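The values are calculated or read from the model by the stated rules, or taken from the named source; none is laboratory data. Just so it is clear, the structure is predicted and the values come from calculations on it, not from any experiment. Glycine gets a Cβ as well: all are built from the backbone with ideal geometry, and neighbour counts include every protein chain shown. All accessible areas refer to the heavy atoms of the entire protein, side chains included, with ligands and DNA or RNA removed. Shrake-Rupley method; radii C 1.70, N 1.55, O 1.52, S 1.80 Å.
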Amino acid sequence: MLDEILPVLVDTGIEDEMVGALLRNTIGMERLRAAAAQATGRLPRDNGHLAMLENSYSYLRQFTPDVLKAISFTGGTGSEALMEAVTILKKLNADGARKAPEGAPTDFVPAKWAGYLEQAARDRDVTAYRHLWELTVLLGLRDGLRSGDVYVPSSRRYADPASYLFTPAQWEGQRE
């Protein structure tokens, strides 16, 4: 069907007002409706990545509370919302709470995942919202560690990037 549609669309000799009528008459409304009926829904902005991870939520919950409890994370400039979310998540895990608190930070959530949280909030599904919010916190933490925006103070691999720089006193000795 695309082979029939494209030549009509790119033909500048056909007036814009005539394109729709020409396509409907050439292809036929029955074929167009059949094609529209077979169309599948669009994938989310992340192509279903977060939904796939949600299927592994119970597996992740086996160890993520212990990891968060054992490791202290520190954030650099711009990661305040994520660090606040990590603190809230640690408290939720310690208290055994089942839902994310009202007003839990989401500023760190990328646009490709924000739709999941918005849908769960619209549906008033507190369980789904908690799962998705927790996953976005964990993924934000992972991405922050990879980029250096989040670091582990006692770590060599995930140390504060500033610790690799010369101090002003060291720089003075090396400057020349």
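A few notes on this one:
- For residue 12: the one exception among (1) of a type in the set (Ser, Thr, Tyr); (2) surrounded by 13 or more Cβ atoms within 10 Å (Cβ to Cβ); (3) not in a helix (DSSP H, G or I): (2)
- Test for residue 121: is it of a type in the set (A, V, I, L, M, F, W, C), over 24 Å from residue 62 (Cβ atoms) and touching a residue at least 60 places away in the same chain (Cβ under 8 Å): no
- Every pair of residues 6+ apart whose Cβ atoms lie under 6 Å, when the first sits in region 57-70 and is in contact (Cβ under 8 Å) with a residue 12 or more places away in the chain while the second is open to solvent by 40 Å² or more (accessible area, probe 1.4 Å) and not basic (Lys, Arg): 57/131
- Taking the conditions (1) over 23 Å from the mean Cα position of the chain (by Cα); (2) loosely packed, with under 10 Cβ neighbours inside 10 Å; (3) closer than 20 Å to residue 133 by Cα in turn, residue 30 satisfies each one other than (3).
- Here residue 23 does not qualify as assigned to a helix (DSSP H, G or I), within 30 Å of residue 127 (Cβ to Cβ) and open to solvent by less than 40 Å² (accessible area, probe 1.4 Å).
- Evaluating residue 46 against the criteria (1) over 30 Å from residue 154 (Cα atoms); (2) not in a loop (DSSP other than H, G, I, E, B) leaves one unmet condition, (2).
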